[in-house]
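Novice: Take this structure first; my questions come after.
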Amino acid sequence: MRVALFGATGATGQETLARCLANGWTVNALARDPAKLAVQEGLVIQQGTIADTRAIAATLAHTDVIISCLGNFNRKPNTELSDGTALIVQEAKAQGITRSIWVTSIGCGDSWPRMSSLIFKHLIVRGLAKAIWADKDRQEEQIKASGSGWTIARPGSLRNEPASGAYTVDEGQGRLPRKMPISRGDVADFLIHAAADQSWSGRTVQLFST
């Protein structure tokens, strides 16, 4: 498997990178600062950002699947993440790449009304971090408009912990648990499985510890 990895220098991205390489996959990773990634066999690092179309094209070249662990931490109104996603989607189409897995967040799209924690739902998602979730909502719209080969993974509260193997992959319609922590290792575990299994195409899931 040849993977184009975006967001590789973040905590979830590094967990995902390690699992890809452990599987014997080749990874093209885009990084603003390549020094944040250790040189390893099977890893090709492209310097640049998701606003740089040439760097995106180089990252996608000769790959089979996209895995995005991109985030947005800018609380001011912005379109950084959704604009970058649109560029990735556009270049992926040009290169004939149809399979992609994307990390967004619980609270995006149709998961928001299902949330049980009123503090997180209203104070964070629709309050302090409103601009972040608004851009993630726009990102999901870009992803869903890209074709049929996408998978969206919405993790709950991320923990800097190794994989436990005990997590829920939710596609239901009912109320979500009030507390939804999940380790970054478990998120990476799902991303790897989704990349290898075409049956996840066209599906949006919520991830949280069991």
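The values are calculated or read from the model by the stated rules, or taken from the named source; none is laboratory data. The model shown is predicted, which means the values in this text are computed figures rather than measured ones. Cβ placement follows ideal geometry from the backbone for every residue including glycine, while neighbour counts extend to all protein chains displayed.
Novice: Is it the case that some residue within region 70-80 is surrounded by 21 or more Cβ atoms within 10 Å (Cβ to Cβ), more than 17 Å from Lys144 (Cα to Cα), at pLDDT 95 or above and among the hydrophobic types (A, V, I, L, M, F, W, C)?
Specialist: no
Novice: Looking only at region 43-57, filter to residues that are part of a loop (DSSP other than H, G, I, E, B) and in contact (Cβ under 8 Å) with a residue 12 or more places away in the chain; which one of those is farthest from Ala86 (Cα to Cα)? Break it down stepwise before answering.
Specialist: Keep residues of region 43-57 that are part of a loop (DSSP other than H, G, I, E, B), which gives 48-52.
Checking the rest, the ones that are also in contact (Cβ under 8 Å) with a residue 12 or more places away in the chain come to 48-51.
Values: Gly48: 16, Thr49: 13, Ile50: 9, Ala51: 10 Å.
By that ranking, first place goes to Gly48.
Novice: Consider Ser111 against the criteria (1) closer than 30 Å to Lys179 by Cβ; (2) of a type in the set (Ser, Thr, Tyr); (3) assigned to a loop (DSSP other than H, G, I, E, B): it satisfies all of them except one. Which criterion is unmet?
Specialist: So the condition that Ser111 fails would be (3).
Novice: What are the residues in region 194-204 that are in contact (Cβ under 8 Å) with a residue 12 or more places away in the chain and surrounded by fewer than 18 Cβ atoms within 10 Å (Cβ to Cβ), if any?
Specialist: Ala196, Gln198, Ser201, Gly202, Arg203
Novice: Considering only region 1-26, state which residues are buried (at least 24 other Cβ atoms within 10 Å of the Cβ), of a type in the set (A, V, I, L, M), in contact with a helix residue (DSSP H, G or I) (Cβ under 7 Å, 6 or more places away or on another chain) and outside any loop (DSSP other than H, G, I, E, B).
Specialist: Result: Val3, Ala4, Leu5.
Novice: For region 169-193, enumerate the residues that are of a type in the set (Asp, Glu) and touching a residue at least 60 places away in the same chain (Cβ under 8 Å). Outline the logic, then answer.
Specialist: As a first pass, look at region 169-193 and keep what is of a type in the set (Asp, Glu): 170-171, 186, 189.
The answer is Asp189, and nothing else.
Novice: For residues in region 27-42 being assigned to a strand (DSSP E or B) and in contact with a Ser or Thr (Cβ under 8 Å, 6 or more places away or on another chain), which is surrounded by the most Cβ atoms within 10 Å (Cβ to Cβ)?
Specialist: If we filter region 27-42 for residues that are assigned to a strand (DSSP E or B), which is where we start, we get 27-31.
Keeping just the survivors that are in contact with a Ser or Thr (Cβ under 8 Å, 6 or more places away or on another chain) gives 28-31.
Values: Asn28: 21, Ala29: 24, Leu30: 28, Ala31: 21.
It comes out as Leu30.
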